[in-house]
Amino acid sequence: MSEIELTDEQLERYARHVILNEVDEEGQLKLLNAKVLMIGAGGLGSPALLYLAAAGVGTIGIVDHDVVDVSNLQRQVIHSTDELGQSKVSSAAERMEAINPEITIHEYRDRIGPNNAIDLIRQYDLVIDGSDNFASRYVVNDACYLLKKPLMSAALVRFEGQASLFKAFESDEQPCYRCIFPESPDPDLVPRCDTVGILGPVAGVMGCIQATEVLKEILGLGTNLAGRLMLFDAMDMEMRSIKTKKDRNCALCGDHPTITEENIGKV
Ligand SMILES: [Zn+2]
């Protein structure tokens, strides 16, 4: 059931949103009625999920097959030491419920893949990708494009992060994730947090950028990251963005697409 008016309690809880002219009661109701799916409850998912829950995004789904490991705790701030061995989705959901008991959280203790991506993503308005591998990113990108759902993507390595919003279904100019990264690199050559490390708060910065962009998208505010790749370099403490464009030969969103609901994630 969609909410049509804020209660007195909600007016207090979300007072710092409601006081913003750009948000107001109407915007807070949009957040309460929004459905966001988070892929991964790790370095990006931790801050993103905390802020989405606190902001009152009414329905939040979390997909993650993993359990909390002690090496996660250096950056995955939604989990705690006493939750080691517990599934990440339930650990994350508990913390989110403690922050904001009025939101609905759906836990999917599963790997995102070609078998479940379409069915899961169909149920949400917007998707945040916080996965740490190319196979998942392609699957999520393909499903989001085919289902016309905005995709807030980000990636991390060492002291750097990048982020973009993909809505290629909306425009002939904007790229999808595949347009920018058309080929999955050799897994042995791809730097991952597991193998090359990551400065903890860099994950926090990028997860917060994802949450910020998603709230703006729900509220219809400002200029989004569609058609731009934002690059964050913690070493020089610089943020810049570069323009991105559609690849006419893209297998998903180009002139002669070969990817359909039947073969999403194909590389
Ligand atoms: Zn594309």
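State the number of residues belonging to the range 100-133 that are in a helix (DSSP H, G or I) and in contact (Cβ under 8 Å) with a residue 60 or more places away in the chain.
Residues flagged as in a helix (DSSP H, G or I) and in contact (Cβ under 8 Å) with a residue 60 or more places away in the chain within the range 100-133 amount to 4.
Do we have E261 as open to solvent by 30 Å² or more (accessible area, probe 1.4 Å), closer than 20 Å to D129 by Cα and within 15 Å of the chain's Cα centre (by Cα) here?
Considered against the rule, which asks whether it is open to solvent by 30 Å² or more (accessible area, probe 1.4 Å), closer than 20 Å to D129 by Cα and within 15 Å of the chain's Cα centre (by Cα), E261 comes out as no.
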Quiz prompt | Exclusive hit being surrounded by fewer than 14 Cβ atoms within 10 Å (Cβ to Cβ), among the β-branched types (V, I, T) and at pLDDT 95 or above, set I209, I242 | solution = I242
Quiz prompt | Residues of the range 130-177 satisfying the condition of being within 13 Å of the ligand (Cβ to nearest atom), within 21 Å of M206 (Cβ to Cβ) and charged (D, E, K, R) | solution = R137, K167
Exercise. For K88, indicate whether it is within 16 Å of the ligand (Cβ to nearest atom) and either open to solvent by 30 Å² or more (accessible area, probe 1.4 Å) or at pLDDT 95 or above (or both).
Key: no
Exercise. Just name the residue that is modelled with the lowest pLDDT out of those in the range 104-136 that are open to solvent by 40 Å² or more (accessible area, probe 1.4 Å) and of a type in the set (D, E, K, R).
Key: D132
Quiz prompt | Test: D82 is more than 26 Å from T7 (Cβ to Cβ), of a type in the set (D, E), assigned to a helix (DSSP H, G or I) and open to solvent by 10 Å² or more (accessible area, probe 1.4 Å) | solution = yes
Exercise. Read through the list (1) touching a strand residue (DSSP E or B) at 6+ places or on another chain (Cβ under 7 Å); (2) closer than 21 Å to T260 by Cβ; (3) open to solvent by 10 Å² or more (accessible area, probe 1.4 Å), then give the number of the only condition that K148 fails.
Key: (1)
Practice problem: Examine the range 167-186 for a residue that is part of a strand (DSSP E or B) and of a type in the set (D, E, K, R), and state whether such a residue exists. | Solution: no
Quiz item: Of the residues L229, L252, which is open to solvent by less than 50 Å² (accessible area, probe 1.4 Å), within 14 Å of the ligand (Cβ to nearest atom) and in contact with a strand residue (DSSP E or B) (Cβ under 6 Å, 6 or more places away or on another chain)?
Solution: L229
Quiz item: Taking the range 76-93 on its own, how many of its residues are in contact with an Asp or Glu (Cβ under 8 Å, 6 or more places away or on another chain) and either closer than 23 Å to R13 by Cβ or aliphatic (A, V, I, L, M) (or both)?
Solution: 4
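The values are calculated or read from the model by the stated rules, or taken from the named source; none is laboratory data. Please read all numbers here as calculations on a predicted model, not as lab measurements. Every residue, glycine as well, gets a Cβ built from its backbone with ideal geometry; the counts of neighbours run over all protein chains shown. We work out accessible area using only protein heavy atoms, side chains counted, and drop any ligands, DNA or RNA first. Shrake-Rupley method; radii C 1.70, N 1.55, O 1.52, S 1.80 Å.
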